[in-house]
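The values are calculated or read from the model by the stated rules, or taken from the named source; none is laboratory data. Every value quoted in this text rests on a predicted model; they were computed, and no experiment measured them. Every residue, glycine among them, receives a Cβ derived from its backbone with ideal geometry; neighbour counts consider all protein chains shown.
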Amino acid sequence: MSEKKKLSVWAYLNEAQYCLTNRDAFDVERIESLIAAAYRIFTGQQVGDFEEDFLNDRKNKGSN
C-alpha cells in the first residue's frame, strides 16, 4: 500500500476516533461514513484524499 493511501486511511480513522471520543462531535452516521470511506480506500474501491488521482481530479475541477 502506498504511503499516500495509508495517509488517507489514517486520516479517516483519526477523524472517526475523534468523533467517538468527543461528545460535541459524536455522530453515529458520521462515524459510520468515515469508517466506510477508510474501508473503501483500503480495498481500492475509492481513491484516497492524498493520492495523485484524487488531487489531479480536484485540480481539473478547479477546486483548491
Report task. Of all residues in the stretch 1-31, count the ones that are charged (D, E, K, R) and exposed (fewer than 12 other Cβ atoms within 10 Å of the Cβ). Result -> 4
Query raised in the report: Restricted to the stretch 37-52, and to residues that are assigned to a helix (DSSP H, G or I) and in contact (Cβ under 8 Å) with a residue 24 or more places away in the chain, which residue is surrounded by the most Cβ atoms within 10 Å (Cβ to Cβ)?
Result: 41
Query raised in the report: Of these, 55, 34, which one is in a helix (DSSP H, G or I) and modelled with pLDDT under 90?
Result: 55
